[in-house]
Every structure is written in structure tokens, then in C-alpha cells.
Amino acid sequence: MEHKRLKLYAYLDARDHQRTYLAIMRLFTSTLLADLSAGEVAGALAGAEREGRVEPGESRIENVITRLKQLVEWGNLVQGRREVVAASIAEFQHGSVRYQVSKLAVRVQRDVDELLRAPEGAREVARELLPAIERGLSELGGSLSVALLNEGERTKELLAERVTTLFLQHAELAATVRDFYAYLGQVVTRNHLAPDEIAGFRNLLVEYIQRVVEDVLKYTPAIAETLASLARARPELLRLLGTELGDDVERARGRSEHDWQDLTDWFADRPGRPSQVTALREATARAIGSLLASVKRATSGGGLLPGRKAELLKLARWFDQSTREEAHELYAAAFGLYSARHLSPAPEHDSDNERTPWRDGPVRDVTVSVRSRGDRGARGRTSRILDDPMTEQSLLAEAREADERRAAHVAELTRAAKDLNGTTLSHGALEVLCELLTLAMAQRDTPQDTGEASDPVRGLKVTVSHGTTTKITSAAGTLTLHDATLALTE
């Protein structure tokens, strides 16, 4: 189901004819209950073609039919039929097949148009909705009491009106807060800020965000308290807001328990789940800290300002305005790189396609030192090695203890060499034996070969040869070696 719905966005990133698909979807979503034939769509696209909004030839009926069928396959349009009076079979085929837009495709196109109209700057937070939400919740409590006493049609309509208004106000407030802080996170994390940008962001953070946070903190306690009082009467509220349309109908916000829980979680904290108000306060603190760090870098002597941004932009403008020959000369003069003459076959191309222009290729990350100072060399100096006598002595003591334990385990294996099957080894001695046994086994290519391994410090040697089954008993269990004879020697 998710994959099928995601295909509704396919026309926005289609490989070909993207502008035609967008023009067709705008045509279908511009009016209510749009019911158009391929000929009507072609007539509308003819005007767009004359204005240059679609490619030449896209208004031809055969191309329009192909585009409409593709949109039907993606799920954006649905087909229907209608009786028509036609003078030919072709006219009947073009006029009888009608197309309508699907419900979800209307939402997609509406969000796309809204996104394309949105400016790049910050979005104003609808702070004035906070007192409206507080008043709406207070009035909702009174309307609910009246509706419970007199369950008339008029009282239910008034109750539904207040609930719908309340959730619409909260949805607008939450959307503006998310958009504003998304823009804020985009700009405060930039490494290079001009002085006028820093001044603008300072006013934005110090003045505007302060008012936003103050208003939110001012009205949140009253809103959270009212929501807590309404929680006990929530089942009765949802019962009064019931509908006769069935369970498959997408209902307005505020008609389900989940909607009210989301509204409550926006304003009130829960154990292990902070509210959006708490997240807003923390995001504000992080934004102010990021801005202070940017100001510190800009005003300090070793910061990013003054940088090479202006020079790099000027060089990019020269490249953009130059011809092909001038660009080669400019490239050689700016970077000191000249064309090479290959006297041997060219190597295999291991990056992007050689026919891809550089402006369309992968983006390279420019380091801070190159971006700010034009310096490619490594910066900084080697860190000092601190003298820590206490840690040194502690490590030496641990090393001595480990060496003493290994010596005791090797000595235990040496004593058990004469009667290995009848001796119960300790856990540490078994670990040393398994370590040497692994090295000895690695020297054998076949089970008939012999392998040897020895401790380089204390000289204990383990020899593994083909033979009978060997069992070694230890405190951790019994190790059984099939078709292998084990011998320990000093």
C-alpha cells in the first residue's frame, strides 16, 4: 500500500516530460469534479505550449493520450466513460474516455503548489493562535456540558464547530513553528556568515524568538490544565461527535482518541516523552548557542572571517560569463593546472561519466581551511604527551600480575605433561593449552601431519600428531580431540 501511494509522486521527478505532467495535474486540480477528455486536455495544453510552459508538440492528441495513460498507471488519474455524439471513430474514442483526478493525487498536487509558492526565508509563527486555543478549550468545556444536558442537533453542531476550529488553529500553529525552526536550523549551522547576516540573525533570535517562547510558555500551563480536565469527559465528547457516514470515511481532526492525545502531547509532558513545548525551548537554546559560536568565529582573529568567499564567488562568475576557450585559460591561470598529453592508453574511468558536465557531476566537500584561507595544508600541531606516573605504575603492576599468572599456568601444564589424561587442569591452564593447540593445529595440512607450537618465553612445547582420541579434563569441562595425540614437553 505504501509503495503504491508513493508512486503518486512519480510525475514530479519523471525522466521525461516532467513539465507536461505538472501542467496536466494542475489542470485537473484547478476545478472541482474535473471530468476531462483527452481532446479537452490537448486544447488546454495548446495554450501552455504557445506560452513556452511545455515542450513543443506536447499538445498533440497522441502525446496527450500517452501522458494521461501514464498518469493513470501511477494512480494520479482514474478513467471513466460518458455517452458522446461523434462524427468519427477517432472522435468517439477521444471523447468517450474521460479522466478524473484521484483523491490522494489532489493532496499531492496541492502540497506541490504550496511548496513552489513558499519563499526561501523564515515563516512567521502564528503566535496569535495561542490565546485563541486557550479560549477555544474553555468554551469547549461549556459547550460539552450543555450538550450532555441537552443532546439536541443544534448543541451537537455547536460542539463540532468548536472542536474543528480548535484543531485547525493548533494545526496552523504547529506547522508555522515547525517551518520556522527548520529554517533556523538551516542558517545557524552554516560555517560562513557575513556580518550583515549575523546582525539579522541576532535580531531574529534575540527579539523574535524571545517573544515566541514567552507567548508559548505563558499560555501552555492554562492549556495543559484544561486538556487534563477534559480528559475525563473525552469518551462522552467523542460519542457526541459521532457520525453516520461509516468507519471508512476520513474524518476531521478531533474525532478520535489519537487526535486528542496528540494535542495533549504537544503542550504537556509525559514520563519519558517530552512535549513539543519542551522541544521548542531546547531548540531555542541550541540556536542561540550556535549563533554565539558563529559570532565568536567571525570576531576572533583566527576565525572564518575575513574569508575567501567573495573571491570564490567572483571566480565562479568569471567562469559563468566566459566562453569555452576563455574558461580553459582562466582555469589554468587560477589553479595552475594545464592540459596533459597522454603518451599511453588512458586509464579506466573510475568516477562519474566522462560525458557529464562538471556542473552536473558529484559535489565535492570543500574543507574549512580551503574555504576560509585557501590553504590545503594540515593545520594544528602535535599534541603533547602527558607524563602520568600513577597510570604508568598501575599498568606496569597489571602487566606483572598477568605475567605471573601465565607463568603459574605454564608450570601447571609442565607438571601435568607426564599424565595429561589423568590431571584436572585449571581454567587458566586450559586457556594457555588451547592457545598453543590452535597454533599447532594450524601447521597441519592433513590429519596425518604433525604440528608443533611452543611458548616463546618459558619454552613449553605442544606436539599434535595423528593417533587415538585424547581427553583433557579441566574445571571448565572436558576437551576431546579425535584422532589426535597430544604431547607436552619442556
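Things worth noting here:
- Filtered residues of segment 270-324 (kept if open to solvent by less than 40 Å² (accessible area, probe 1.4 Å), part of a loop (DSSP other than H, G, I, E, B), at pLDDT 85 or above and under 30 Å from Pro357 (Cα atoms)): Ser322
- Residue match in segment 153-171 (condition: basic (Lys, Arg), at pLDDT below 85 and touching an Asp or Glu at 6+ places or on another chain (Cβ under 7 Å)): no
- Unmet criterion (only one of (1) of a type in the set (S, T, N, Q); (2) at pLDDT below 90; (3) part of a helix (DSSP H, G or I)) for Asn191: (3)
- Residues that are part of a loop (DSSP other than H, G, I, E, B) and either in contact with a Lys or Arg (Cβ under 6 Å, 6 or more places away or on another chain) or under 16 Å from Glu431 (Cβ atoms) (or both), drawn from segment 460-490: Leu460, Ala475, Ala476
- Total residues in segment 40-62, condition in contact (Cβ under 8 Å) with a residue 12 or more places away in the chain, closer than 20 Å to Arg15 by Cβ, assigned to a helix (DSSP H, G or I) and open to solvent by 20 Å² or more (accessible area, probe 1.4 Å): 0
- Matching residues in segment 432-447 - criterion: being outside any loop (DSSP other than H, G, I, E, B), farther than 14 Å from Val410 by Cβ and of a type outside the set (A, V, I, L, M, F, W, C): Thr438
- In the set Gly200, Gly185, only one residue is out of contact with any Pro (no Cβ under 9 Å at 6 or more places or on another chain), at pLDDT below 75 and small (Gly, Ala, Ser); that residue is Gly200.
- Failed item, numbered, when Glu452 is tested on (1) open to solvent by 80 Å² or more (accessible area, probe 1.4 Å); (2) out of contact with any helix residue (DSSP H, G or I) (no Cβ under 9 Å at 6 or more places or on another chain); (3) part of a strand (DSSP E or B): (2)
- Residue under evaluation Leu33, criteria (1) aliphatic (A, V, I, L, M); (2) in contact (Cβ under 8 Å) with a residue 40 or more places away in the chain; (3) assigned to a helix (DSSP H, G or I); (4) surrounded by fewer than 18 Cβ atoms within 10 Å (Cβ to Cβ), criterion not met: (3)
- Residue list for segment 11-70, restricted to those being touching a strand residue (DSSP E or B) at 6+ places or on another chain (Cβ under 9 Å) and of a type in the set (Val, Ile, Thr): Ile24, Thr29, Val41, Ile65
- So Ala411, is it surrounded by 13 or more Cβ atoms within 10 Å (Cβ to Cβ) and in a helix (DSSP H, G or I): yes
- Top-ranked residue in segment 105-127 [being without any contact (Cβ under 8 Å) to a residue 40 or more places away in the chain and surrounded by 11 or more Cβ atoms within 10 Å (Cβ to Cβ); ranked as farthest from Gln79 (Cα to Cα)]: Asp111
- Test: residue in segment 471-478 that is among the aliphatic types (A, V, I, L, M) and farther than 17 Å from Lys418 by Cα: yes
- Of residues in segment 226-245 being within 35 Å of the chain's Cα centre (by Cα) and open to solvent by 40 Å² or more (accessible area, probe 1.4 Å), the one nearest to Glu161 (Cα to Cα): Ala231
The values are calculated or read from the model by the stated rules, or taken from the named source; none is laboratory data. On a predicted model such as this, the values are computed, not experimentally measured, just so you know. A quick note on method: Cβ atoms are made from the backbone with ideal geometry, for glycine too, and the neighbour counts reach across all protein chains shown. Note: accessible area is taken over every heavy atom of the protein model, side chains too, but ligands, DNA and RNA are not part of it. Shrake-Rupley method; radii C 1.70, N 1.55, O 1.52, S 1.80 Å.
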